[in-house]
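A.B. asks: First the structure, which I've put down as structure tokens, then a few questions once you've had a look.
Read-outs: derived from the displayed coordinates by stated rules, not from any lab. In this text, all values refer to a predicted model and were calculated from it rather than measured experimentally. Methodologically, a virtual Cβ is constructed for each residue, glycine included, from the backbone with ideal geometry; neighbour enumeration extends over all protein chains shown.
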Amino acid sequence: MTDISQLHRALVARVLDSDGKAPPVMRRAAFDNAGLSEPMRTLIEKVAYRASAVTDEDVAAVRSAGLSEDQIFEIVVCAAIGQADRQYKTALHALARVADEGQR
Amino acid sequence: MRLEILDRGHSLGTKALLGMIRLVSRQPVVDAVKLAFYRKEFYGAGDLTHEAMRGPSEWSIGDRELMAAVVSQANESPFCIAAHSATSGLWYGDRAKVAAALADLDTAPIEEPLRATLRLLGKLTREHTIDADDIRTVLSAGASRAQIEDALAVCLAFDITARLANAFDFAIATPTAMDSGARHLLKRGYR
């Protein structure tokens, strides 16, 4: 079977902890989709739950709040990985539960 | 593309590489490639996607490309649906099968383990969660635990990629460029 576990951990560590343009605390907040103020909150919430609803205005508002394009790039990447990561872990947890039942 | 840096902010070396890709493929570089090559040391999820899509698995490459298309559909990402349905259709040599799966999973001419797995990935993506009963349904349909885990890896990769495609507003390329991209993905993968 495929094994993404190490690559997955490395990706999460890279976007949260490596040198970036956005402060680590902001990247972490985007990843967790928690604790952000407007207008970042709206953009990140959409990326997490309905990325197809993101508009030019959402991005423009974050730019007007003083974030550079690289900072916007980073927090959007963190938000996408964060939500996908939560979904993946929830599913793996459900799979492990069922597998444990089978072994009892 | 909503961020100009993703269109024109690449390093000089990467710009030269993108120029080569344009020259060799005789097509404009698609937005997914521009993203993949932008600050690879920060995002660079190509290795993870490659392992999920091309690593050893009981699922065929065509099956995993179909999973990517279904996850993209649940994420409402037109770019990713087009890219991965083209790649899956090319691998199967059967575009109609892929179109049928995207139109109606219940009636599509695919095996039951794959059908149940695609349903699971669609639900996880749309509802952001699944539970043990959902897993039991897929196991009952004949998929193995390893197959489910492999499918979840594909889902992770495309729950990230499709979100970024939407947030950054990837443009859908011409069918010729998408087909050229699909051939590249089958030949070289995602790295």
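A.B. asks: Just tell me, in residue order, which DSSP H segments of chain A are both 24 angstrom or longer along the helix axis (alpha-carbon based) and at least -1.0 in mean Kyte-Doolittle hydropathy.
C.D. replies: Long hydrophobic helices here: A:69-103.
A.B. asks: What does the charge add up to near B:ARG64, with Lys and Arg as +1, Asp and Glu as -1, over the other residues with Cβ less than 9 Å from its Cβ?
C.D. replies: -2
A.B. asks: May I have the count of lysine pairs in chain B with C-alpha atoms under 23 Å apart, counting pairs 8 or more residues apart or located on different chains?
C.D. replies: 7
A.B. asks: When a/c reaches 1.5 or more, the comparison of a/b and b/c decides; with that in mind, is the protein assembly as shown rounded, prolate or oblate per its Cα gyration tensor?
C.D. replies: Because a/c hits 1.5 or more and a/b fails to exceed b/c, the protein assembly as shown counts as oblate.
A.B. asks: Take the Cα atoms of segment B:45-188, find their three principal axes, and give me the spread along each one in whole Å, biggest first.
C.D. replies: 41, 31, 28
A.B. asks: Take A:GLU45, B:GLU41 and order them by how many other Cβ atoms sit within 10 Å, fewest up front.
C.D. replies: B:GLU41, A:GLU45
A.B. asks: Could you tell me the relative contact order of segment A:21-70? Use alpha-carbon pairs under 8 Å, at least six residues apart, and round to a whole percent.
C.D. replies: 31 percent
A.B. asks: Rounded to whole Å, give me the distance from the Cα center of segment B:175-191 to that of segment B:46-67.
C.D. replies: 14 Å
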